[in-house]
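Engineer: One structure follows; several queries about it will come next.
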Amino acid sequence: MTESVDVLIIASEAPRFAHPGDAGADLTAAESVVLGPGERALVGTGVSIALPSGFAAFIVPRSGLAARHGITVLNAPGTVDAGYRGEIKVTLLNTDSTDSYTVNVGDRIAQMIVMPVPEVRFVPVESLPGSARGADGFGSTGYAQKNEGAQA
């Protein structure tokens, strides 16, 4: 079992975990919006957090909204860095081609996953070590016949 992490928060309604052991805490809408077919909107959550150094929060879609209504988070996962102190807003996209979707105040619109993120140093080198995958790019593992000269 991992240790818990304290995240300081300002919110009228704090994100909640639906079940014990869930990775994502539900974020709710702090404003109402109607998403027409193919439309997107930036929706406020009323949540501001202070993550500890070495952590980031990732904003991801809710599977039920995606499956039932075609509502997704456009830039998923959205990244909240430890130094950010503003309101977390979610860019929702209605992928349905015919039906509008109404987001009401209090609706669960996304999930937030808080994870440790190591400090990274980029080390310039002349060449990279080999790997089983090599330079094979998009779709390279999904085809029986390798596409020669494919771009990553």
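Engineer: Just check the chain against the gyration tensor rule for me: Cα atoms, a ≥ b ≥ c as the square roots of the eigenvalues, rounded for a/c under 1.5, and otherwise prolate or oblate depending on whether a/b exceeds b/c. Display every interim value, and only then the final one.
Structural biologist: Numbers: a/c = 2.32, a/b = 1.30, b/c = 1.78.
Oblate is the answer for the chain, as a/c is 1.5 or above yet b/c matches or exceeds a/b.
Engineer: Which of Gly139, Gly106, Gly36 moves most in a GNM of the chain, Cα contacts under 10 Å?
Structural biologist: Gly139
Engineer: Through the Karplus equation 6.51 cos²θ - 1.76 cosθ + 1.60, θ set to phi - 60°, convert the phi angles of region 91-106 into ³J(HN,Hα) values in whole Hz; use x for Gly and Pro.
Structural biologist: Karplus-based 3J(HN,Hα) across region 91-106 equals 8, 8, 10, 8, 7, 5, 8, 10, 9, 7, 9, 9, 9, 9, 4, x Hz.
Engineer: If amide H atoms are built 1.01 Å from N in the plane of the peptide, which residues on other chains or at least 5 residues away come under 5 Å of the amide H of Glu31?
Structural biologist: Excluding prolines and chain starts, which carry no amide H, the hits are Gly44, Gly106.
Engineer: Would you mind counting up the charge near Ser48? Only other residues with Cβ under 14 Å from its Cβ, with Lys and Arg at +1 and Asp and Glu at -1. Can you show the working numbers first?
Structural biologist: Details: positive: Arg85, Lys89; negative: Glu13, Asp81, Glu87.
Every neighbour counted, the sum reads -1.
Engineer: In a GNM of the chain with a 10 Å cut-off on Cα contacts, which of Pro61, Pro124, Pro116 has the highest mean-square fluctuation?
Structural biologist: Looking only at Pro61, Pro124, Pro116, the largest GNM fluctuation is found for Pro124.
Engineer: About its Cα centre, how strong a charge dipole does region 8-116 have in debye, to the nearest 20, once Lys and Arg get +1 and Asp and Glu get -1 at the Cβ?
Structural biologist: 140 debye
Engineer: To continue, here is another question. Amide H of Asp96 versus every other amide H placed in the peptide plane: which residues, excluding those fewer than 5 positions away on the same chain, fall under 5 Å?
Structural biologist: Here the answer is Gly38, since their amide H atoms fall under 5 Å of that of Asp96.
Engineer: Kindly write out, for region 72-79 in residue order, the coupling ³J(HN,Hα) from the Karplus curve 6.51 cos²θ - 1.76 cosθ + 1.60 (θ = phi - 60°), rounded to whole Hz, with x marking Gly and Pro.
Structural biologist: Ordered by residue, 3J(HN,Hα) equals 9, 8, 4, 9, 5, x, x, 10 Hz.
Engineer: Counting other Cβ atoms within 10 Å of each Cβ, which chymotrypsin sites (Phe, Trp or Tyr not before Pro) in region 4-95 have at most 15 and sit in a DSSP loop?
Structural biologist: Working: sites: Phe17, Phe55, Phe58, Tyr84; in loops: Phe17, Tyr84.
Listed in order of number, the matching sites are Phe17, Tyr84.
Engineer: Of Thr28, Thr72, Thr102, which has the largest mean-square fluctuation in a 10 Å C-alpha GNM of the chain?
Structural biologist: Among Thr28, Thr72, Thr102, the largest GNM mean-square fluctuation belongs to Thr102.
Engineer: Residue-wise, which Karplus ³J(HN,Hα) couplings in Hz belong to region 21-27, taking 6.51 cos²θ - 1.76 cosθ + 1.60, θ = phi - 60°, and x for glycine or proline?
Structural biologist: x, 4, 7, x, 9, 5, 9
Bear in mind that the values in this text are calculations on the coordinates, not laboratory data. Just so it is clear, the structure is predicted and the values come from calculations on it, not from any experiment. Cβ atoms come from the backbone with ideal geometry, glycine included; neighbour counts cover every protein chain shown.
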